[in-house]
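Please read the structure below before turning to the comments.
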């Protein structure tokens, strides 16, 4: 769930420490951790590789909604995320992740070829407006702020959550004031960072010490920070947190904090959105959608129907 923000405090960890932290994960790297190109092959080997896409047939009705002459599209993935986020398999070349499966399935339903690119989370959304990419995929949450400049076609529901060490006395976080005085680790350029920065005043308004936001470009470094006690809690995607906690010792998932619809991102005013929405709805109807969620263990993130830039969920 990524969004640009002005206030940012970056932390850089020596490469050796990042690499050692990667070994703690079954798949680790950078943003929504997965095995990056330089990550451990042992971790990458445990990323699910079941083929749930090759059987998808072209849907003539959805394809007819594409702009005339559309035969290929350029998609940018944010790489290096904890499964179900996008990361590399053991060969260091093949991309795998929930977003990849959804994008490939939609492309097959529309009868178009995808030109794959890689970019940082922060870089993808601005590059859509310039025409560098046609589509952005990186667990992008649909927020009212983003909808002003970006169009979305939803395909799952994820959101914000918290995790910490098992020995922490921190309980379910329902109010950010419960985090006052703590060090919170999160991904750089994310909705989590924006939410935390925008609400720091809640602590000072209550006469308490503000929490400190620690942002990381690499998930390996983020989890290392928590494991080694430099951070008290992690705020990240619900699905990514559940996976990381299940595959690392000494951690626990605290709770969901705020749900958000997640969608493919496009330049504002795109003519591609109706076709993509129809394709996602076709995948839901023919059972491919459920197969993808089952593969990545994200059935709790299922949606009933795809929508174009719906209002931000309020919960």
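The values are calculated or read from the model by the stated rules, or taken from the named source; none is laboratory data. What you see is a predicted model, and the numbers here were worked out from it, not measured in a lab. Methodologically, a virtual Cβ is constructed for each residue, glycine included, from the backbone with ideal geometry; neighbour enumeration extends over all protein chains shown.
Just to verify a result, which residue in the range 190-212, among those that are surrounded by fewer than 23 Cβ atoms within 10 Å (Cβ to Cβ) and under 25 Å from the mean Cα position of the chain (by Cα), is nearest to residue 257 (Cα to Cα)? I'd like the intermediate steps shown before the answer.
Looking only at the range 190-212, we keep the residues that are surrounded by fewer than 23 Cβ atoms within 10 Å (Cβ to Cβ), and these are 194-195, 197-212.
In the following step, the residues that additionally are under 25 Å from the mean Cα position of the chain (by Cα) were identified as 194-195, 197-200, 211-212.
Numbers: 194: 14, 195: 11, 197: 16, 198: 15, 199: 14, 200: 16, 211: 17, 212: 18 Å.
Out of the qualifying residues, it is 195.
In this structure, residue 311 does not satisfy being surrounded by fewer than 21 Cβ atoms within 10 Å (Cβ to Cβ) and assigned to a helix (DSSP H, G or I).
Checking the condition under 14 Å from residue 265 (Cα atoms), in contact with a helix residue (DSSP H, G or I) (Cβ under 7 Å, 6 or more places away or on another chain) and buried (at least 18 other Cβ atoms within 10 Å of the Cβ), which residue from 151, 158, 134 passes? Write out each step before concluding.
Details: 158 fails: under 14 Å from residue 265 (Cα atoms); 134 fails: in contact with a helix residue (DSSP H, G or I) (Cβ under 7 Å, 6 or more places away or on another chain).
Only one candidate passes the filter, namely 151.
Within the span defined as the range 104-111, every residue fails to be assigned by TED's automatic domain parsing to the domain that holds residue 274, outside any helix (DSSP H, G or I), crowded, with 19+ Cβ neighbours inside 10 Å and at pLDDT 95 or above.
Tallying residues that are crowded, with 19+ Cβ neighbours inside 10 Å, modelled with pLDDT of 90 or more and on the phi > 0 side of the Ramachandran plot within the range 65-103 yields 1. Only one of the listed residues (239, 255) is outside any helix (DSSP H, G or I) and either within 27 Å of residue 293 (Cα to Cα) or assigned by TED's automatic domain parsing to the domain that holds residue 103 (or both). That residue is 255. Note on the range 282-305: residues that are buried (at least 21 other Cβ atoms within 10 Å of the Cβ) and farther than 17 Å from residue 52 by Cβ total 0.
Can you name every residue in the range 170-208 that is out of contact with any strand residue (DSSP E or B) (no Cβ under 9 Å at 6 or more places or on another chain) and assigned to a helix (DSSP H, G or I)? Steps first, please.
Kept after step one, since they are out of contact with any strand residue (DSSP E or B) (no Cβ under 9 Å at 6 or more places or on another chain), are these residues of the range 170-208: 175, 177-178, 180, 194, 198-199, 201-208.
Hits for the range 170-208 are 177, 178, 194, 198, 201, 202, 203, 204, 205.
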